[in-house]
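Inspection log for the structure reproduced underneath, given as structure tokens.
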Amino acid sequence: MLFSDYFKYKDKKPIISFEIFPPKTDRGMDNLKKELAELVTLGPDFITVTYGAMGSTRDKTLEIASLIKNHFGVESACHLTCVGATKTELDTLLQEIYDAGVRNIVALRGDPPEGEENFIQSDDGYSYGNELVEHIRKFEVSTAIKNYFGIAVAGYPEKHLEAPEIGIDLVNLKRKVDAGADVIITQLFFNNDFYFDFVKRVRDIGITVPIVPGIMPILSSKQIQRITSMCGTTIPEVLREKLDAAIDDDDKARDIGIGQCIQQSKELLAWGVPGIHFYVLNKSGHMIRIMEALSEDLENLKARGMIANTL
Ligand code: FAD
């Protein structure tokens with residue numbers, strides 16, 4: 001099933017998706033398989049698999065996305081970045097993704113590897129996400145198969161770090177949608193007002209595709225500080241104080257994170273989001289608690305036939 005199909009039915013429940021990343025070691029891979037076996041029992045509509053900086057997890061990304069689809073029977077998506085890749089390499093990879101039975105792509109520009117400030121753009125490659133989306137749609141035309149891939153792109157409620165201001169970032173977001181993206185998945189945020197304001201601004205410039213909030217349940221104070229410093233997400237003062245008090249206590253930080261995630265998700269669902277994309281950080285225990293806490297909200301929305309195609 002393609003991204004575009006998930007969000008088009010008016011009588012559907014909110015679409016729940018999970019995001020995982022390829023582990024670096026074989027042991028990590030074994031652990032991930034165990035966690036995946038738990039995660040799929042929570043009934044996600046699809047699971048996406050990230051792509052390491054400069055294509056560093058290329059094979060593993062596809063291997064895991066294929067495992068999710070073909071072994072666990074859950075729809076999956078490969079993240080794909082264009083920095084550092086040639087057009088020919090992208091074509092080869094797109095064909096491999098299709099041949100593995102994976103039908104959805106989260107299309108991104110990508111970042112330089114950790115510790116490096118700049119990326120070297122390939123002579124025969126691209127610099128921005130919109131160019132990758134355009135490339136994928138052209139690739140589809142070359143195969144003569146319609147609706148080859150569903151495409152999601154990234155949106156930034158607090159603006160992308162490099163963008164001088166949010167208005168310019170939104171113009172660039174529109175380029176990605178105009179190039180053929182079906183859905184926007186947002187960067188993580190801890191204050192829903194950023195998302196509500198973002199949706200309004202995105203709609204004001206004529207973007208109509210669904211905007212799925214990306215939510216990261218916190219698992220450790222230090223980890224979330226590192227992640228937010230890299231992506232520019234604000235941690236609200238009250239939450240920061242709680243996390244500071246749990247700086248060396250991951251169990252406590254996880255409890256705080258679960259509470260925060262449930263609170264944010266309930267408010268988003270009540271507001272009418274088309275779905276929630278959880279950055280699950282390759283663990284299932286906290287997601288079991290979170291999904292349990294949201295089950296009633298999700299059931300109620302399903303029973304009411306929430307309108308899942310407008311936001
Ligand atoms: P773009 O849309 O290209 O934007 C990058 C910057 O350039 C922005 O400031 C934008 O305003 C500006 N810009 C865009 N187009 C133009 C243009 N035509 N002319 C001038 N300026 C322009 N990274 C990974 O490496 N692997 C992953 O798997 C991954 N998954 C992600 C999933 C989600 C949901 C999100 C939100 C992010 C993910 N990232 C991932 C991070 C992402 O690669 C970085 O945030 C990256 O810096 C930007 O990618 P993008 O596709 O949003 O870039």
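Here, each number is a calculation from the coordinates, and none is a lab measurement. Since the model is a prediction, treat every value here as computed from it, not as a measurement. Heads up, the Cβs are rebuilt from the backbone with ideal geometry, glycines too, and the neighbour counts pull from every protein chain shown.
Quick rundown of the values:
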quantity: Structure-based [θ]222 nm, the chain - -39500 (n - 2.57) summed over DSSP H runs of at least 4, per residue, nearest 500; calculated: -15000 deg cm²/dmol
quantity: Magnitude of the charge dipole, segment 139-201, Cβ model with Lys/Arg +1 and Asp/Glu -1, debye to 20; calculated: 200 debye
quantity: Computed E for Leu161/Asn191 - FRET, C-beta separation, R0 22 angstrom, nearest 0.05; calculated: 0.80
quantity: Relative contact order %, segment 5-71, counting alpha carbon pairs below 8 Å whose residues are six or more apart; calculated: 36 percent
quantity: Spin-label pair Arg137/Gln95, simplified geometry with 7 Å Cα→Cβ offset, distance in nm; calculated: 2.4 nm
quantity: Test item: Cα-centred dipole of segment 185-241, Lys/Arg +1 and Asp/Glu -1 on Cβ, debye; calculated: 180 debye
quantity: Hypothetical label at Ser127: residues of segment 172-198 whose amide nitrogen lies under 18 Å (7 Å Cα-Cβ projection); calculated: 172-176
quantity: Cα gyration tensor shape of segment 1-95, rounded if a/c is under 1.5, else prolate or oblate by comparing a/b with b/c; calculated: oblate
quantity: Rg/Rg_globular for the chain, with Rg_globular taken as 2.2 N^0.38 Å and Rg from C-alpha atoms; calculated: 0.95
quantity: Computed lengthening from Ile288 to Lys146, 0.36 nm per intervening residue step minus Cα-Cα distance; calculated: 47.4 nm
quantity: Top positive-direction residue, dipole computed over segment 98-169 with Cβ charges, set Ser127, Pro113, Ala144; calculated: Ala144
quantity: Within segment 72-177, trypsin sites (Lys or Arg not before Pro) in DSSP loop having at most 15 other beta-carbon neighbours inside 10 Å; calculated: Lys146
quantity: Within the chain: Cβ-based charge dipole about Cα centre, in debye rounded to nearest 20 (Lys, Arg +1; Asp, Glu -1); calculated: 820 debye
quantity: Residues whose placed amide H lies under 5 Å from that of Asn104, excluding near-sequence neighbours; calculated: Cys78, Gly150
quantity: Cut-off 15 Å between beta-carbons: net charge of the residues surrounding Val280, Lys and Arg +1, Asp and Glu -1; calculated: 0
quantity: Taking Ile16, Ile145 and counting other C-beta atoms within 10 Å, the order from fewest to most; calculated: Ile145, Ile16
